[in-house]
Amino acid sequence: MSAVVKLSNVHKSFGSLQVLNGVSFDVNRGEVVAIIGQSGSGKSTALRCINALETIEQGSIEVCGHQIHSPALDKRALRLDVGIVFQSYNLFPHLTAEQNVMLAPTCVRKLGKKEARDLAQDCLARVGLAEKAGHYPEQLSGGQQQRVAIARSLAMQPKVMLFDEVTSALDPQLTGEVLKVMEDLAKGGMTMILVTHEMGFARKVASNVIYMRNGKVWETLPGHELNNPQTAELREFIGHDL
Ligand SMILES: Nc1ncnc2c1ncn2[C@@H]1O[C@H](COP(=O)(O)OP(=O)(O)OP(=O)(O)O)[C@@H](O)[C@H]1O
Ligand SMILES: [Mg+2]
């Protein structure tokens, strides 16, 4: 099986602060990898490096055949293959859910109006929001807005999706709705890398869990083994969460 995402010995610092200190991991097609770890351990930075939102100083990153560390990287082509969803949804407030989802397919993929609308309908249906297509963001709950943001990303038909703590701003019920959408995506075969504090979700859905600590991959284990960590540090981190 060939890796869709491959990080090899990645180093990244901000000034004198070494944030990624030799990070290596592979993600194969259809795998779901959950990244967990203390605040400041470099989880978001790792995701941002994968999508070339940060440059790296040493090592290499390959994503869907794109060499992220190469000066010749075509960022536009990369971003057609990689979708990223953040904790903040950043929907356009003056556009409906459907219009928000249609925007990138129309502007970037140059789809016609009808084709883009059909695609938006399809993507909104996948996140359980077909009937909210005409609603503006302020008429939607936080969980619904986050699902629109996921639909917007899906509309670009990415090969890999990155999620950075997409449920952290939501209350437990809305969190559940969004996690359900992500679980369905995983079952549908989407390759996903997600940073999460939802240990139960990681255990249930993740093929592999990566525990980051001090800018390193401290421990990697299958999701279903999350209740049986090998290192004392991960055991302490998980604590009574499971
Ligand atoms: N643009 C930046 N400039 C300077 N320092 C940064 C920048 N981005 C992140 N850092 C620092 O890098 C370290 C790692 O940050 P990162 O956001 O990757 O952590 P994280 O594991 O995602 O934490 P959290 O769980 O709080 O989101 C932190 O000490 C942070 O302050
Ligand atoms: Mg973070």
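Being closer than 10 Å to Val32 by Cβ and open to solvent by 10 Å² or more (accessible area, probe 1.4 Å) is the filter here, so list the residues in region 167-184 that pass it.
Glu183
If I filter region 26-45 down to residues being among the small types (Gly, Ala, Ser) and touching an Asp or Glu at 6+ places or on another chain (Cβ under 9 Å), which single residue comes out as nearest to ligand 2 (Cβ to nearest atom)? I'd like the intermediate steps shown before the answer.
Of all residues in region 26-45, those among the small types (Gly, Ala, Ser) come to 30, 34, 37, 39-42, 44.
With touching an Asp or Glu at 6+ places or on another chain (Cβ under 9 Å) added as a condition, the list becomes 34, 44.
Working: Ala34: 13, Ser44: 3 Å.
Filtering first and then ranking leaves Ser44.
Say we look at region 194-230 and pick out the residues that are charged (D, E, K, R), assigned to a strand (DSSP E or B) and open to solvent by 20 Å² or more (accessible area, probe 1.4 Å); which of these is farthest from ligand 1 (Cβ to nearest atom)?
Lys216
This table checks each residue for (1) at pLDDT below 95; (2) over 26 Å from Lys12 (Cβ atoms).
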| residue | (1), (2) |
| --- | --- |
| Leu194 | no, no |
| His197 | yes, no |
| Tyr211 | no, no |
| Gly215 | no, no |
| Thr220 | no, no |
| Glu225 | no, yes |
| Ala232 | no, yes |
| His240 | yes, yes |
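Let's see how each residue does on (1) under 17 Å from the mean Cα position of the chain (by Cα); (2) crowded, with 16+ Cβ neighbours inside 10 Å:
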| site | (1), (2) |
| --- | --- |
| Leu7 | yes, yes |
| Ser13 | no, no |
| Val23 | no, yes |
| Asp26 | yes, yes |
| Ala34 | yes, yes |
| Gln38 | no, no |
| Ser44 | yes, yes |
| Ala52 | yes, yes |
| Ile56 | no, yes |
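Of the conditions (1) under 24 Å from Leu221 (Cα atoms); (2) open to solvent by less than 30 Å² (accessible area, probe 1.4 Å); (3) in a loop (DSSP other than H, G, I, E, B), Leu91 fails just one. Which one is it?
Unmet condition: (1).
Being without any contact (Cβ under 8 Å) to a residue 60 or more places away in the chain, surrounded by 14 or more Cβ atoms within 10 Å (Cβ to Cβ) and within 16 Å of ligand 1 (Cβ to nearest atom) is the requirement here; does Ala116 meet it?
no
Can you tell which of Ala130, Ala149 is farther than 26 Å from Val63 by Cβ and more than 16 Å from ligand 1 (Cβ to nearest atom)?
Going through Ala130, Ala149 in turn, the sole match is Ala130.
Residues being among the β-branched types (Val, Ile, Thr) and within 6 Å of ligand 1 (Cβ to nearest atom): count how many of those fall in region 34-53. Talk me through it step by step, then tell me what you get.
Taking region 34-53 as the starting set, the residues that turn out to be among the β-branched types (Val, Ile, Thr) are 35-36, 45, 50.
Imposing the further condition that a residue be within 6 Å of ligand 1 (Cβ to nearest atom) reduces the set to 45.
Of the residues in that region, 1 qualify.
Could we say that Asp164 is open to solvent by 40 Å² or more (accessible area, probe 1.4 Å) and within 26 Å of Val205 (Cβ to Cβ) here? So that I can check it myself, show each step before the final result.
Values: open to solvent by 40 Å² or more (accessible area, probe 1.4 Å): no; within 26 Å of Val205 (Cβ to Cβ): yes.
Against the criterion (open to solvent by 40 Å² or more (accessible area, probe 1.4 Å) and within 26 Å of Val205 (Cβ to Cβ)), Asp164 does not qualify.
The values are calculated or read from the model by the stated rules, or taken from the named source; none is laboratory data. Since we're looking at a predicted model, the values are computed, not measured. FYI the Cβ positions are ideal-geometry reconstructions off the backbone, even for glycines, and counts take in every protein chain you see. What goes into the accessible areas is simple: the full protein's heavy atoms, side chains included, and nothing from ligands, DNA or RNA. Shrake-Rupley method; radii C 1.70, N 1.55, O 1.52, S 1.80 Å.
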